[in-house]
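Q: Have a look at the structure that comes next, please.
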Amino acid sequence: MGEFAVGQGVARFEDPRLLRGGGRYVDDIVLPRMAVGYVLRSPHAHAKIKSIDVTQATAAPGVVLVLTGADWKRSGWGDLPVPGGQKRRDGGPMYRSPYPALAQERVRWVGDYVAFVVAETYAQAADAAELIAVDYEPLSCVTSTADATSPAAPRVWEDCPDNICFVHLAGDKAAADAAFARADHIVAHRLVINRVTAVTMEPRGCIGDYDATSGHFTLYAQPQGVHTFRSDLAKDVLKVPESKVHVIAGDIGGSFGMKSAIFNEAPLVLLASKLAGRPVKWQSTRSEAFLSDAEARDNVTDAELALDKDGTFLGMRVKTVANMGAHLQTGTPNFLNNLGTLAGVYRTPAIHADVTAVYTHTNPVRPYRGNGRPEAAYVIERLVDLAADQTGIDPVELRRRNMIPSEAMPYKTGLTFTYDCGEFEKVLDEGIQHADVSGFAKRRADSRKRGKLRGLGISYSIERAGTLGFEGAEVRFDRSGAVTLFSGSVTQGQGHETVFKQLVCDALGIHPDQAEYVQGDTDKVFFGQGTGGSRSATLAGSAFHGAVEKITAKAKTLAAHLLQVDEGDVNFADGIFSSPKTNRTLTMPEVARAAADPAKLPKGMEGGLVATSVYRADVENYPNGCHVCEVEIDRDTGVVEIARYTVVDDVGTVLNPMLLHGQIHGGVVQGVGQVLMEDICRDASGQPVTGSFMDYAMPRASDVGDIEVESHPVPTKTNPIGVKGAGEAGCVGALPAIANALVDALSEFGVRHIEMPATPERIWRAMNRSVDANST
């Protein structure tokens, strides 16, 4: 369809509606007789609840009801789902913490759920919550990842004495140890991935509406997959058939993985609605989000790389302590699936990873853009630069010497992944060329004249995308010949409507204005798993591809009948059915209208032009790319400017370059935020000290200049449309590229590494420590 075809940079069809205020978010929904909920949260990181008195709160003006942990227990409903399947180091089962919707006996982080107040207005509910008398006995707490397993650390759960949730081992330890034994060079470093939070544009919210007549629950929420969310909610919490639960996700203002879990508020509004006999809404404020949202990253890694005298990688060993927070949420251990990113694009033959997941008195930790991949890419790519510094080999040359050649594909790495395709060295060369690395020395000299430090950092990262599983799609023509697309994948701003309309309309020869897009409703969409792990283009796109093939096949049979020719004589191109044996033609909408007319159907053909497809992914794909970052640092203040940023990515078939560039830009900026400014901090008592935008810094447009994005597509054969995931690629490559650039800029001060976030103060101190050391 020309300007709307796959591969064209089509502007998002969603945007006019959203920009004109036509979005429908949870907080936009107002149901008849709707009450408002408010969560009373713990002021302590760890404390016993000796008693709760809700007498005054219940009698306060406008209050409908007040729920406590005792009420939750009496409801007979199940706790929030907690994942399993992992082991402890001794082979015993992992420790699975209980997860009631309201705390019982103890609270375990500042912000933990103590009571739920429902009133006519938000103000009345908030005022009533202040009247709840809670007698706490404060206890000591542990919030530090590194300290969680210390013998002196307080227990988060009384029956988990070492605070260890599980231990995961991957790779070949014996082979890795042998590689280190014969190495000429060993590079070792502790790398800390600091804790961040998603701070989505739209805070979390939900509305529960119970119909006592039918026994049906309706939940308006923001999950990334409504069908899997409904399944877990119905089976584990409500203990009713899925058919009794209707989950609706409207527009979602960002998630990045954070909103996909069942948070406590969802069952709370449903229970409150059932007890009160009216709908109940809960909507987070921005301040409350810092107390209640799941957080991200928070790893401490000791990593080693072994090399021979020529700089060839021999082996790698990684030991990581990963903070899970006070509770496990569904999907949390999935970061283990991405440990293979530690291998990078290199031929390292022996790798061993040892991951210990620990509990602390902090918010639960969830998957967040990249879910283990940015962390792993940061580890391997920082090690490569550290090795280059130690051996004296240029960082680009060291990478080139160890890269997997394209002719070696498929290639089984030293740690879990098997790459199906890729042209890593070509992408590296293009990245260096587009970034004008050869001109860097002159730019550095120019910066020095202006009193600035300039550094260049390169990373080459690879990730596993297109998560294994299913995804559903439906293409349905109505009697007018218009088409509706039903997607099991749920967008949170990625542009799904645009790209799926491109896929379907381009193939069927239909103008996108003739197509409607439906998602996020379990009563409308027949099947789906949802969005996450850069899977939507691969799985949902392939599902739509399958539905289009079925539609086209049926339409071709019907067109042959209408044109009175053999089916083999019918051609279909650009939305037109034709045949050399007739001068008649038919458009797809004309055939669709005929499919709804029994008089025009051949004998034995079902009426209607409708097709569903469930695509199953048995093999993942591996997007990869080269990031080149240049920074300037002010010598006097330590302030960092991103001077240039270049990306060359291989994400397979490019469906829409405009959307692709937007995804890469967004991911890079989130990486900038983590490396330079974002950081969740708590004091010794576990109190958050980054509880607002006054304390938790995020990048603005002025903090990042132009980001040049180029594509080097190597289509994969692992799915029918040749795509590789792109949603997290920018963030995966950004962390190490920016960190490497900072260290390069600071190298004249003897700095070999700087921790995240590299704030101006931290950079200033790193420079002045060197100056002080030299002066003495």
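Q: How many residues, within the stretch 680-696, are in a loop (DSSP other than H, G, I, E, B) and open to solvent by 40 Å² or more (accessible area, probe 1.4 Å)?
A: 9
Q: Another question, if that's okay. Need a quick list: strands (runs of 3 or more DSSP E) entirely within the stretch 572-667 having at least 1 residues that are more than 27 Å from Cys505 (Cβ to Cβ) and touching a residue at least 24 places away in the same chain (Cβ under 8 Å).
A: In the stretch 572-667, the matching strands (runs of 3 or more DSSP E) lie at 624-634, 640-650.
Q: Out of the residues in the stretch 626-662 that are closer than 22 Å to Val499 by Cα and not aliphatic (A, V, I, L, M), state the one that is most open to solvent (accessible area, probe 1.4 Å).
A: Only one residue tops the list, namely His661.
Q: Shifting gears a bit: Is there a residue being over 22 Å from Arg88 (Cα atoms), open to solvent by 50 Å² or more (accessible area, probe 1.4 Å), touching a Lys or Arg at 6+ places or on another chain (Cβ under 8 Å) and assigned to a loop (DSSP other than H, G, I, E, B) anywhere in the stretch 177-186?
A: So far as the stretch 177-186 goes, yes, one or more of its residues are over 22 Å from Arg88 (Cα atoms), open to solvent by 50 Å² or more (accessible area, probe 1.4 Å), touching a Lys or Arg at 6+ places or on another chain (Cβ under 8 Å) and assigned to a loop (DSSP other than H, G, I, E, B).
Q: Given (1) crowded, with 22+ Cβ neighbours inside 10 Å; (2) in a loop (DSSP other than H, G, I, E, B), where does Ile193 come up short, assuming only one miss?
A: Exception for Ile193: condition (2).
Q: Follow-up question, since we're still on this one. Looking at the stretch 524-536, is at least one residue over 26 Å from the mean Cα position of the chain (by Cα) and either free of Cβ contacts under 8 Å to residues at least 40 places away in the same chain or under 19 Å from Glu590 (Cα atoms) (or both)?
A: No, the stretch 524-536 contains no residue that is over 26 Å from the mean Cα position of the chain (by Cα) and either free of Cβ contacts under 8 Å to residues at least 40 places away in the same chain or under 19 Å from Glu590 (Cα atoms) (or both).
Q: Within the stretch 483-493, can you find the residues that are assigned to a loop (DSSP other than H, G, I, E, B) and buried (at least 23 other Cβ atoms within 10 Å of the Cβ)?
A: Result: Gly488, Ser489, Val490, Thr491, Gln492.
Q: For Leu742, all conditions in the list (1) open to solvent by less than 30 Å² (accessible area, probe 1.4 Å); (2) under 16 Å from Met756 (Cα atoms); (3) touching a Ser or Thr at 6+ places or on another chain (Cβ under 8 Å); (4) of a type in the set (A, V, I, L, M, F, W, C) hold save one; what is the number of the exception?
A: It fails just one condition, (3).
Q: Please go through (1) touching a Pro at 6+ places or on another chain (Cβ under 9 Å); (2) over 19 Å from Gln670 (Cα atoms); (3) open to solvent by 10 Å² or more (accessible area, probe 1.4 Å) for Phe335 and return the number of the only condition it doesn't satisfy.
A: Here Phe335 meets the rest and fails (2).
Q: Please verify whether the stretch 111-129 includes one or more residues that are modelled with pLDDT of 95 or more, under 15 Å from Ser685 (Cβ atoms) and in a loop (DSSP other than H, G, I, E, B).
A: Yes.
Q: Can you tell me which of (1) surrounded by fewer than 21 Cβ atoms within 10 Å (Cβ to Cβ); (2) of a type outside the set (Lys, Arg); (3) in a loop (DSSP other than H, G, I, E, B) is the one Ala174 doesn't meet?
A: (3)
Q: Test Lys259 against the criterion of being touching a strand residue (DSSP E or B) at 6+ places or on another chain (Cβ under 6 Å) and of a type in the set (Lys, Arg), and give yes or no.
A: When the stated conditions are applied, Lys259 does not pass them.
Q: Mind counting the residues in the stretch 535-572 that are closer than 25 Å to Ile248 by Cβ, touching a helix residue (DSSP H, G or I) at 6+ places or on another chain (Cβ under 9 Å) and open to solvent by less than 20 Å² (accessible area, probe 1.4 Å)?
A: 5
Q: Return the residue satisfying two criteria in turn: it lies in the stretch 421-440 and is open to solvent by 70 Å² or more (accessible area, probe 1.4 Å) and without any contact (Cβ under 8 Å) to a residue 12 or more places away in the chain, and of such residues it is nearest to His712 (Cα to Cα).
A: This residue is Gln433.
Q: Same structure, new question: For the structure I just gave you, tell me whether Thr491 is in contact (Cβ under 8 Å) with a residue 60 or more places away in the chain and within 15 Å of Leu655 (Cα to Cα).
A: It is false that Thr491 is in contact (Cβ under 8 Å) with a residue 60 or more places away in the chain and within 15 Å of Leu655 (Cα to Cα).
Q: Can you tell me which residue within the stretch 604-618, out of those that are within 16 Å of Ala515 (Cβ to Cβ) and open to solvent by less than 60 Å² (accessible area, probe 1.4 Å), is farthest from the chain's Cα centre (by Cα)?
A: That would be Leu609.
Q: Do you know which residues across the stretch 220-247 are surrounded by 18 or more Cβ atoms within 10 Å (Cβ to Cβ), in a helix (DSSP H, G or I) and among the small types (Gly, Ala, Ser)?
A: Ala234
Q: While we're on this one: Could you grab me the full set of residues in the stretch 397-420 that are open to solvent by 20 Å² or more (accessible area, probe 1.4 Å) and not small (Gly, Ala, Ser)?
A: Once the filter is applied, which keeps residues that are open to solvent by 20 Å² or more (accessible area, probe 1.4 Å) and not small (Gly, Ala, Ser), the stretch 397-420 yields Glu397, Arg400, Arg401, Pro405, Glu407, Met409, Pro410, Tyr411, Lys412, Thr416, Thr418, Asp420.
Q: Restricting to the stretch 144-162, give me the number of residues that are open to solvent by less than 40 Å² (accessible area, probe 1.4 Å) and in contact with a strand residue (DSSP E or B) (Cβ under 8 Å, 6 or more places away or on another chain).
A: The number of residues fulfilling the criteria is 2.
Q: Next up: Being in contact with a Pro (Cβ under 9 Å, 6 or more places away or on another chain) and in contact (Cβ under 8 Å) with a residue 60 or more places away in the chain is the filter; apply it to the stretch 197-219 and report the residue that is surrounded by the fewest Cβ atoms within 10 Å (Cβ to Cβ).
A: The extreme case among them is Tyr210.
Q: Pick from Gly457, Gly472: which is touching a helix residue (DSSP H, G or I) at 6+ places or on another chain (Cβ under 7 Å) and farther than 18 Å from Ile642 by Cβ?
A: Going through Gly457, Gly472 in turn, just one is touching a helix residue (DSSP H, G or I) at 6+ places or on another chain (Cβ under 7 Å) and farther than 18 Å from Ile642 by Cβ: Gly472.
The values are calculated or read from the model by the stated rules, or taken from the named source; none is laboratory data. Nothing here was measured: the structure is a model prediction, and the numbers come from that model. Every residue, glycine as well, gets a Cβ built from its backbone with ideal geometry; the counts of neighbours run over all protein chains shown. In case anyone asks, the SASA skips ligands and DNA or RNA and just uses the protein heavy atoms, side chains included. Shrake-Rupley method; radii C 1.70, N 1.55, O 1.52, S 1.80 Å.
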